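Okay, structure first, notes after.
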Number of protein chains: 2
Amino acid sequence: MSTPEHQAVEARNAEFYAAFESGDLDAMTAIWLDDAQTLCVHPGALPVRGTGAINRSWALIMANTPYIQFFLTDVEVSLQGDVASVTCTENVLTADESTDDGSFNGAKAVATNVFVRTGDTWRLWIHHASPVMSDEHHED
Amino acid sequence: MSTPEHQAVEARNAEFYAAFESGDLDAMTAIWLDDAQTLCVHPGALPVRGTGAINRSWALIMANTPYIQFFLTDVEVSLQGDVASVTCTENVLTADESTDDGSFNGAKAVATNVFVRTGDTWRLWIHHASPVMSDEHHED
């Protein structure tokens, strides 16, 4: 079932990845709730809590990411009242100083992005991304 | 700030890990929302969606986990209306057929557990666990 509400959440999720791809820290900041309780887990890392610290983590990542592009697959939106969850597979292409000209590094991650309705828009409360190491399901 | 509501959510989160530790599939099933939109990401794996499929994933994991114990650290509860998020570091001890008698395997993961208030209790909507590969923060 894809309602206009689901579509608005999916569009907001796409804006999150567009902000990262374009290295636009202001756009990234504007997507997050301004709250001490926000949460960001970058792949393989410990949690970053609170929008101030999260902004600093993005600034650092953007400064060290000359090129990144996301192809999202398996995007699923789920709503519980004023909270919306988006899960997706992030198929990522990156290039940095260690990459040969004209080639890219590829990687795959799974993300859960949880948004909260604030007025007319949705803002990000939780971003949890994790590396996919196998197509099998692992135990905790 | 730890209100009675925060404490109820944290207790519910502890019940989730107790169900896993004791291999109690009925208790595990009872903690989840009965919904096609639930989401479970086991460390390093692709998402499992829907409570039926999630139950089957737990049955398989429990059958292959003779011993598991969790020590939770950095447990933080955050509330947004009728939705509550718990993030924690899972410090895990396991033993299986490949482990020497009297010894354990240790591992660390980060989990985001999102609960929804249903009547008098909280039920699990999203469990996303990811391996910690470094104490540094990684890019997506």
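Being in a helix (DSSP H, G or I) and either more than 28 Å from B:LEU72 (Cβ to Cβ) or without any contact (Cβ under 8 Å) to a residue 12 or more places away in the chain (or both) narrows it down to one residue among A:ALA45, A:ALA27; which is it?
Details: A:ALA45 fails: in a helix (DSSP H, G or I).
It is A:ALA27.
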Out of A:THR73, A:THR94, report the one residue that is more than 9 Å from chain B (Cβ to nearest Cβ) and either in a strand (DSSP E or B) or surrounded by 20 or more Cβ atoms within 10 Å (Cβ to Cβ) (or both). A:THR73
Any chance B:TRP58 is buried (at least 18 other Cβ atoms within 10 Å of the Cβ), free of Cβ contacts under 8 Å to residues at least 60 places away in the same chain and more than 7 Å from chain A (Cβ to nearest Cβ): yes
Provide a single number: the residues in the range B:44-55 that are at the interface with chain A (Cβ under 9 Å from one of its Cβ atoms) and more than 18 Å from A:CYS88 (Cβ to Cβ). 0
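Do you know which of the residues in the range B:76-86 that are within 7 Å of chain A (Cβ to nearest Cβ) and open to solvent by 20 Å² or more (accessible area, probe 1.4 Å) is nearest to B:VAL110 (Cα to Cα)?
Filtering the range B:76-86 for residues that are within 7 Å of chain A (Cβ to nearest Cβ) and open to solvent by 20 Å² or more (accessible area, probe 1.4 Å), the one nearest to B:VAL110 (Cα to Cα) comes out as B:GLU76.
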So if I check each of A:ALA53, A:ALA111, which one is more than 12 Å from the chain's Cα centre (by Cα) and either outside any loop (DSSP other than H, G, I, E, B) or of a type in the set (D, E, K, R) (or both)? A:ALA53
Residues of the range B:24-55 classified as under 21 Å from B:PRO66 (Cα atoms), buried (at least 20 other Cβ atoms within 10 Å of the Cβ) and either in contact with a Gly (Cβ under 7 Å, 6 or more places away or on another chain) or polar (S, T, N, Q) (or both), total: 0
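The values are calculated or read from the model by the stated rules, or taken from the named source; none is laboratory data. For clarity, every value in this text was computed on a predicted model and none was experimentally measured. In this analysis, Cβ positions are derived from the backbone assuming ideal geometry, glycine residues included, and neighbour counts consider all displayed protein chains. What goes into the accessible areas is simple: the full protein's heavy atoms, side chains included, and nothing from ligands, DNA or RNA. Shrake-Rupley method; radii C 1.70, N 1.55, O 1.52, S 1.80 Å.
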